[in-house]
Structures are given as structure tokens and as C-alpha cells.
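Here is the structure we will look at, set down as C-alpha cells.
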Amino acid sequence: MLSILGFMMIVVFMYLIMSKRLSALNALIIIPVIFALIGGFTDLGPMMMDGIGTIAPTAIMVTFAILYFGILIDAGMFDPLVNRMVKISKGDPLKISVTTAVLSLLVGLDGDGTITYLIVVTALLPLYERLGMNKLILACLPAMSMGIMNVLPWGGPTARVMSIFGYDAMELLGPIIPSVIAGALYVIGLGVFFGLRERKRLGVNGHSTEAEGEIAASIADDAVQSLKKPKLYWFNLIITLLLIFALVKAILPIPALFMIGFVIVIVVNYPNLKDQQKRIEAHAGNILTVTSLIFAAGIFAGILEGTEMVDAMASSLVKMIPDFLGPQLPVIVALTSMPFTFVMANDPYYFGIIPIIAETAEGFGIDKLEIAQASLLGQPLHLLSPLVGSVYVLIGLVGIEFREHIRFSIKYALGTALVMIITAILFGALSI
């Protein structure tokens, strides 16, 4: 019963947001509440608060990360980069799209989706807007990149698998490195595909001049110019590099680092208290949009886990695997990891489902290592899940709706995961 209720909830939730009958914010809150009540659960308060409590550090980090990068945008730290890219691109959407893919993969090496989205979108969004490119591309390519980079040893899923089975990083990831490389090449190929399509739609000639003209007009605007702090460019850059170093080294919790970084850049760039207040107010709308969705996702996840619907769903799916398919469990796990990690958070999947499947696989003479590796290959789809906080950072920064992002990106996420799975089979990481 719980399993059926859980699957129905996911289906209804996706239908309502994809058909535009409810916003993602409203659906994330009301749908799990309704289905929990249908299931006879009345004490929802603790479940909801547990979910919110789990997601709160992410919301705090996002709030101050948006403020931090917002202040740097206002101060003009990214203007030289955008101007340079406009000149290099010569108005060519192909070059911009490929740059998006490559930059996302490189920045994504830190394994943190939120930080990757903040850096990539902050740097490239002005260029997309000036050239008139489809902003859904700017959401899709970083999401696909993080779906690949998320399997690095310091990424969440891999860290969970290593802790469960006791594998070291190379033992776990060594055999699927070709899959990671193939996935990265596929994302770059997507960049080429999108770029060629945008080039056909927008053309090349004249867009460079137009974009440079818009930049010049923007610089000439008195209101915008008054916010720029060109003399503080190197200070802002050094502070940002130090912040990234501190994030990688985990010197302090990420929310605390962004809080400290925000205070430093706003006080130095805008020492006047009234100017500081105006800058915060300028970014308040974006912050509210993103953090409200993150907290709503916390309620969804809290009820899904608190009612144990997610456990029931997992058990049902495991039982559906017939005995004759046992020898193909690694491939089955790789394929099912896509929907599994889309409808649930990583914790219940890796701590609840994978150990059960791994034990089952041993009965068929399959090494647990193969199951662990297979479970990582569906991550490209996981990064589109409404239960992943960073997705709301991405769509909030780009300025698109969740349903638009899903509709545009899901087929490419499936393609990325399938490329990684097929590569793993061809290189012998997954047995068939």
C-alpha cells in the first residue's frame, strides 16, 4: 500500500508541475501532505520539520552564495571575462555553447553542484542574454556535467558507496573511468549540437557587433557604472580564489565560508550602509525564489522518508526482479539507478537499496563491487530531481521554470547516463 501510494504521489506530482496546473513550490508542499493523509499519517509536523532541518544548511549556503556572487556581479568582477568571451566568440553561439560545457566540467571537478552552477551561470548568463541564446542550454549543460562529476570520490554518491562497502577510491572508480570520460565527451558533443542549432537560428554575422554595442551601452549607463568597482577587481578575484580554496579544503562548513565571504566583499566594495542595503534588496527576489523551493523540497523529502514510502517503493522494485535476470543485475542496477535516484534522495537509495541488491547479487556469484559501480551511473538523471536542492539554485540563477528545465534536459540526461552505462559494459566494468 505504501509503495503504491509513493509511486502515485510521484506521478501526480510530476503531472501537475509538467502540465502547469501547480507551480513546483506549491506541488512540493501540498502533494506529499495530501498523500500522507490518504495513507493515514496525521502526525506530519515532525516529518516536515526533519526534512526542513536536513535541507536548512543548503538553503543558508545558497542564500549567502547568491549574495556573494551577486555583489561581485554588481562590482563588475565578471565584466572582463564576459567582454573577452564576446570578442573571442565573434558572436558565434557554437563557441559559447562548447565553452559552457567545458567550463562546467572543469568547475564541476569540486563535486559541488551549487558552487558549479553559481560560478558558471554567473559568468555566462550575461553573454547568453546579450547574444539571444536559449537559456535552457545554460541550465542543461552544467546539470549534465554535474551528473558526471558527481561520481568523483568527493562527490556525495561515491562517498556513500565507499563508506558502505569499504572500497577505496581507485578500486571503486578505476574500472568506470572510461565511462566518466565518455560522459564528459558526450556533454561536450551536446555543446557542439546546441551551438550548431543556435548558430542556425541566430546566425553569426553581426551578433558580435551587437553584443559589444550592448556592453558599451551598459558600461556607459550611469546607474550601472556607479556600482562598478574596477579598482577592487584584483581584491575581489583573490578573495574568490581563497574562498574556493577554503571550500575544497573544507576549512569551515560551506555555509559559514559564504557568510564570511559575503561580509568581506560587501563591506569592502560598498562601505556605505545604505548602499549595502540596496545591494541586498536587489538580490532578495532571487534568493526568496530559490530558498523557498529548497525548503519546500525539504518537506517533500521529509514526508517521503518519514512515512517510509521511499523504503516501501524500494522493496517493491527489488522484489520485481525475477530470478532469471539475476546474472544481469549489474546492468539492471545501472538502468534502474536513473529512476531510483530521480524519485528519492541519495541517502535512502545508497544506504537502503544498494546493500540489499548487493547481497542478492552475491547469491548469483556477482561481486558487490559491480553493483556499487553500477549504482553510480544514473547520476545524470539524479541532478534533475526535484529533491536535489542545487536544481533550484540552477533554475533560479538562469531564470527559468522547473518544468521547462525538465522538459528540455531529461532526454539529454538519459542519453548521458546511457552512454556511461554502455561504455562500462564495453570496457568490462559491468558484466552481462
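The values are calculated or read from the model by the stated rules, or taken from the named source; none is laboratory data. Predicted model, so just to flag it, every value in this text is computed and none were measured. Every residue, glycine as well, gets a Cβ built from its backbone with ideal geometry; the counts of neighbours run over all protein chains shown. Quick note on the areas: whole protein, heavy atoms, side chains included, nothing else; ligands and nucleic acids left out. Shrake-Rupley method; radii C 1.70, N 1.55, O 1.52, S 1.80 Å.
Which whole-number percent is the relative contact order of segment 32-141 (Cα, under 8 Å, 6+ apart)?
24
How are the C-alpha pair distances of the chain spread across 10 Å bins, as whole percents from the shortest bin up?
With a bin width of 10 Å, the distribution comes to 4, 20, 29, 26, 14, 5, 1, 0.
How much net charge surrounds residue 399 when only the other residues with a Cβ under 12 Å from the Cβ of residue 399 are counted, with Lys and Arg +1 and Asp and Glu -1?
Net charge in that neighbourhood comes out at -2.
Quick one: the Cα spread of segment 22-93 along its three principal axes, in angstroms, biggest first?
61, 26, 14
About the Cα centre of segment 240-340, what is the dipole size in debye to 20, counting +1 per Lys and Arg Cβ and -1 per Asp and Glu Cβ, all else neutral?
The dipole magnitude comes to about 480 debye.
Take the chain, mark every one of the chymotrypsin sites (Phe, Trp or Tyr not before Pro) that falls in a DSSP loop and has at most 15 other Cβ within 10 Å, then report the longest stretch left between them, sites excluded.
Formally, the longest exposed-site-free interval is 155-363.
Check each of the trypsin sites (Lys or Arg not before Pro) in segment 1-100 and keep only those in coil by DSSP with at most 12 other C-beta atoms within 10 angstrom; list them in order.
Listed in order of number, the matching sites are 20, 21.
Show log10 I(q)/I(0) for segment 109-170 at q = 0.22 Å⁻¹, two decimals, from a solvent-free Debye sum over equal Cα scatterers.
-0.84
Quick check: the distance between the Cα centres of segment 323-397 and segment 254-272, to the nearest angstrom?
39
May I ask you to give the solvent-accessible area per residue for segment 248-362, in square angstrom, as obtained with a 1.4 angstrom probe?
45
In percent, what relative contact order does segment 324-419 have, based on Cα pairs under 8 Å that are 6 or more apart in sequence?
Reported relative contact order: 34 percent.
Running a GNM on the chain with Cα contacts under 10 Å, which residue among 23, 385, 375 ends up with the highest mean-square fluctuation?
In this elastic network of the chain, the residue with the biggest mean-square fluctuation among 23, 385, 375 is 23.
Relative contact order for the chain using alpha-carbon pairs under 8 Å, separation at least 6, rounded to a whole percent?
Taking the mean separation of contacting Cα pairs over the length of the chain, I get 29 percent.
For segment 330-432, which whole-number percentage of the solvent-accessible area (1.4 Å probe, protein heavy atoms only) is attributable to carbon and sulfur atoms?
Using a 1.4 Å probe with all protein chains present, segment 330-432 comes out at 65 percent carbon and sulfur.
At a temperature of 20 °C and a viscosity of 1.002 mPa s, determine how fast segment 373-426 diffuses translationally according to Stokes-Einstein, using the Kirkwood radius over alpha-carbon pairs as Rh; express D in µm²/s, rounded to the nearest whole number.
Diffusion coefficient, whole number: 179 µm²/s.
Over the alpha-carbon set of segment 302-432, work out the extent along each principal axis and list the three values in angstrom, largest first.
If we take the Cα atoms of segment 302-432, the spans are 49, 38, 20 Å.
Please work out the C-alpha center-to-center distance from segment 2-24 to segment 155-174 and express it in whole Å.
Centre-to-centre distance over Cα atoms comes out at 33 Å.
Run the helix sum for the chain: -39,500 (n - 2.57) per DSSP H stretch of 4+ residues, divided by residue count, reported at 222 nm to the nearest 500 deg cm²/dmol. Display every interim value, and only then the final one.
On the way: 22 runs with 331 residues, N = 432.
The helix contribution divided over the chain gives -25000 deg cm²/dmol.
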